[in-house]
Amino acid sequence: MPYAFPVLTMVDGPEGGMEYPMFIMSSVGASDHETGHQWWPMMVGTNETWYGFMDEGFNQYMNSLSGFDSRKQPANLDGPGQFYGRTSGNEQEAPLMWDANYGGPMYSFQAYSKAPMMLSMLGGVVGDTAVWKAMSDYAKTWRFRHPSPWDYAFFMSNALKDKQKDLGWFWYYWLFTTESVDGSVSGVTTAGGKTTVTVRQDGQMPAPVVLKVQFEPKGRPIRPMPNSKMIDSATAIVTWPVDVWFSGSKTFKAELNFGPRKIVRVKLDPGCRFPDRDTADNAWPRDTVVPAPAAGRAGGGGGGRGGNACAP
Ligand SMILES: [Zn+2]
């Protein structure tokens with residue numbers, strides 16, 4: 001959404017970073033963050049102290065995109081969604097719908113850090129470009145108005161309904177709870193040319209089942225499945241919608257029917273988009289070296305600038 005005002009003045013002044021309409025202070029490299037506030041809340045007038053995630057959080061998401069852009073890299077949002085799984089369960093965390101004025105010791109996580117993780121997962125469900133288009137349309141629709149979180153969630157659900165029929169579950173878990181997913185690959189069996197991957201879901205939050213399937217480099221031809229995408233000659237990404245969990249079952253048997261080429265590795269959530277409590281059990285066979293956890297970014301201000309860890 002274009003900048004609405006005639007000029008923007010940035011003062012390299014004695015202030016870490018603070019935003020005002022048409023005017024920002026920044027002495028510590030927070031200028032893109034403070035500039036982002038010209039959109040949230042100067043143009044999209046959210047209640048920034050109650051619902052910090054719609055202000056600082058959306059701003060941090062935009063800063064992540066501008067960070068990649070300034071480094072002339074394509075945006076890579078793999079990582080932040082999965083990272084939330086390591087925070088979920090901390091009893092000091094207030095849900096996003098809790099008044100951020102009473103956010104407590106994890107205020108900056110609640111206001112700044114969690115929304116970019118939520119939007120990383122949303123990109124994992126509907127695709128990042130669809131999220132960007134919907135966020136842009138949300139900003140234009142609510143320009144110089146005062147959207148509530150309900151207005152935001154309803155707008156996004158409507159804008160994305162062609163990609164995901166129902167996002168009610170998504171908003172419920174991300175906005176109203178501090179729950180996460182806890183997916184794992186609990187078994188892989190092959191019989192009669194078909195491979196069955198048993199995926200377990202022990203978390204409260206559901207997520208699409210996305211498997212990266214690696215085949216032996218050479219052998220009989222691979223017959224792609226309708227819900228698969230080949231990313232190289234011996235690797236496929238296979239996706240089942242989140243709906244597979246809606247019956248309440250804790251296990252889902254993912255049938256792989258690619259023909260007789262041997263499968264050598266299966267990885268759940270290879271894009272690191274879904275907030276997983278424990279990622280060590282996502283691969284078959286199990287990884288011998290578990291990737292080190294990404295550096296935490298629970299603090300506020302200036303973060304969200306990429307470097308997202310994801311070991312696919
Ligand atoms: Zn800010």
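For (1) crowded, with 18+ Cβ neighbours inside 10 Å; (2) part of a helix (DSSP H, G or I); (3) in the same structural domain as TRP98 (by TED's automatic domain parsing), each residue gets a yes or a no:
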{"residue": "THR129", "(1), (2), (3)": "no, yes, yes"}
{"residue": "MET135", "(1), (2), (3)": "yes, yes, yes"}
{"residue": "ALA153", "(1), (2), (3)": "yes, yes, yes"}
{"residue": "SER157", "(1), (2), (3)": "no, yes, yes"}
{"residue": "ASP162", "(1), (2), (3)": "no, no, yes"}
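Out of all the residues in region 66-96, which are without any contact (Cβ under 8 Å) to a residue 40 or more places away in the chain and either within 17 Å of VAL131 (Cβ to Cβ) or in contact with a Pro (Cβ under 7 Å, 6 or more places away or on another chain) (or both)?
Passing the criteria: SER66, ASP69, PRO74, GLN92.
Exactly one of (1) closer than 18 Å to GLY271 by Cα; (2) in a helix (DSSP H, G or I); (3) out of contact with any helix residue (DSSP H, G or I) (no Cβ under 7 Å at 6 or more places or on another chain) is unmet by VAL199. Its number?
Evaluating VAL199 over (1) closer than 18 Å to GLY271 by Cα; (2) in a helix (DSSP H, G or I); (3) out of contact with any helix residue (DSSP H, G or I) (no Cβ under 7 Å at 6 or more places or on another chain) leaves (2) as the failure.
Where in region 207-288 are there strands (runs of 3 or more DSSP E), lying fully within it, with 2 or more residues that are free of Cβ contacts under 8 Å to residues at least 40 places away in the same chain and touching a strand residue (DSSP E or B) at 6+ places or on another chain (Cβ under 9 Å)? Working first, answer last.
Working: elements: 209-215, 228-232, 235-240, 251-256, 263-268.
In region 207-288, 228-232, 235-240 are the strands (runs of 3 or more DSSP E) which contain 2 or more residues that are free of Cβ contacts under 8 Å to residues at least 40 places away in the same chain and touching a strand residue (DSSP E or B) at 6+ places or on another chain (Cβ under 9 Å).
Looking at region 46-53, is at least one residue away from the ligand (no atom under 16 Å from the Cβ), under 28 Å from VAL11 (Cα atoms) and either surrounded by fewer than 21 Cβ atoms within 10 Å (Cβ to Cβ) or at pLDDT 95 or above (or both)? Step through it out loud before you land on a result.
Step one: of region 46-53, the residues away from the ligand (no atom under 16 Å from the Cβ) are none.
No: zero hits.
Condition (residue is among the acidic types (Asp, Glu) and exposed (fewer than 13 other Cβ atoms within 10 Å of the Cβ)) applied to region 10-31: is it met by at least one residue?
Just the residues of region 10-31 that are among the acidic types (Asp, Glu), to begin with: 12, 15, 19.
Filter once more, keeping what is exposed (fewer than 13 other Cβ atoms within 10 Å of the Cβ): 12.
Yes, there is a match, as at least one residue in region 10-31 is among the acidic types (Asp, Glu) and exposed (fewer than 13 other Cβ atoms within 10 Å of the Cβ).
Residues of region 97-129 being farther than 15 Å from GLY85 by Cα and within 16 Å of the ligand (Cβ to nearest atom), which ones?
ALA100, ASN101, GLY103, TYR107, SER108, ALA111, TYR112
The values are calculated or read from the model by the stated rules, or taken from the named source; none is laboratory data. Bear in mind the structure is a predicted one, so any value in this text is a computation, not a measurement. Neighbour counts are summed over all protein chains in view; Cβ atoms, including those assigned to glycine, are modelled from backbone coordinates with ideal geometry.
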